[in-house]
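Notes follow the structure.
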Amino acid sequence: MRFMAEINRIVILTGAGISAESGIDTFRSAGGLWEQHKVEDVATPEGFARDPDLVLGFYDLRRAALAKVKPNAAHHALAKLEADFSGELLLVTQNVDDLHERGGSRQVLHMHGELKSALCTSCEIRSPWDAPMSDRPPCPICQAQTLRPDVVWFGEMPYQMERIYTALGSADLFVSIGTSGAVYPAAGFVQEARQTGARTLELNLEPSDGTHFFHEARHGPASKLVPTWVDEVLGR
Ligand code: OAD
């Protein structure tokens, strides 16, 4: 990639596409999660209020499915980048899976929350969680049986937006990997980064909705594109 010598601060955004080759369904592909389920039923506060059993069961299945999948070459490559890049790196993911962590990344900002975290609606404290919630287990902190998945639903505010915008404001390079660019605010990060002078790169199976906002776009599977790009950044 051009201007590599000037790259000191990188912000990476990942989406469901980076985990697709590990066997986790994306949202908007044919047969994807949003074709199998109605978004308003399983990914909104209103859906949860209407039918908590349905929602808790949906996330219980997705959490349990994590045990059957493994990180792929793209997750591992980003972990290598974190370990070996001498500048600043912020890895932001929209994914609620734990494949970045299991691939070796140590600092991951989950802007849409995490399947392996529970949020208590009584005490509002988050706890690491790896069990079902449908049977209404008590909150480990306050004992109330009011846990919900610590996942950001439509209509809720994604996590740590201030930190993300600060990093975008001083980034030299913004890279978007495996995301359709259909969901804001993440879909707007490319324009935010460009405005303050960052170069922008898309790595996705196909052109995303916002592909024209990027200086450069490479299309193909993440397991191939991401390791190649990481080697370029690290000068190998
Ligand atoms: P999408 O399902 O919208 O998009 C996945 C993108 O990954 C698509 O553009 C695919 O072409 C691409 N893709 C598929 N396989 C790939 C591969 N092997 N390598 C590279 N790219 C591949 O998923 P997201 O963009 O992550 O939010 O969706 C964003 C948000 O919408 C999610 O976090 C979720 C969803 O509704 C909430 O639930 C709040």
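The values are calculated or read from the model by the stated rules, or taken from the named source; none is laboratory data. Please read these numbers as outputs of a predicted model, since none were measured by experiment. All Cβ positions, glycine included, derive from the backbone under ideal geometry; neighbour counts span all protein chains shown. Only protein heavy atoms, including side chains, enter the accessible area calculation; ligands, DNA and RNA are left aside. Shrake-Rupley method; radii C 1.70, N 1.55, O 1.52, S 1.80 Å.
Summary of values
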{"item": "Reciprocal of mean inverse Cα separation for the range 1-74 (Kirkwood radius, Å)", "result": "14.9 Å"}
{"item": "Potential lengthening between Arg50 and Ala83 on full extension [0.36 nm per residue; Cα-Cα distance subtracted]", "result": "7.4 nm"}
{"item": "Accessible area per residue, Å², the range 156-226 with all protein chains present, probe 1.4 Å", "result": "46 Å²"}
{"item": "Charge dipole (debye, nearest 20) of the range 134-236; +1 at Cβ of Lys and Arg, -1 at Cβ of Asp and Glu", "result": "120 debye"}
{"item": "Cα gyration tensor shape for the range 162-236, rounded if a/c is under 1.5, else prolate or oblate", "result": "oblate"}
{"item": "Rg/Rh for the range 1-132, where both radii come from Cα atoms and Rh is the Kirkwood radius", "result": "1.02"}
{"item": "Accessible carbon and sulfur surface of the chain relative to its total accessible area, %, 1.4 Å", "result": "52 percent"}
{"item": "Where Cα atoms sit under 25 Å apart: lysine pairs in the chain separated by 8 or more or lying on different chains", "result": "10"}
{"item": "Rounded to 10°, Cα long-axis angle of helix 222-233 versus longest principal axis of the chain", "result": "50 degrees"}
{"item": "Sites Asp135 and Lys224 - FRET efficiency at Förster radius 35 Å, r taken between beta-carbons, to 0.05", "result": "0.25"}
{"item": "Solvent-accessible area per residue, Å², over the range 37-84 with all protein chains present [probe radius 1.4 Å]", "result": "50 Å²"}
{"item": "Inverse of mean 1/r across different Cα pairs in the chain, Kirkwood, Å", "result": "18.4 Å"}
{"item": "Of Ile24, Ile141, Ile164, the one that fluctuates the most in a GNM where the chain has Cα springs shorter than 10 Å", "result": "Ile141"}
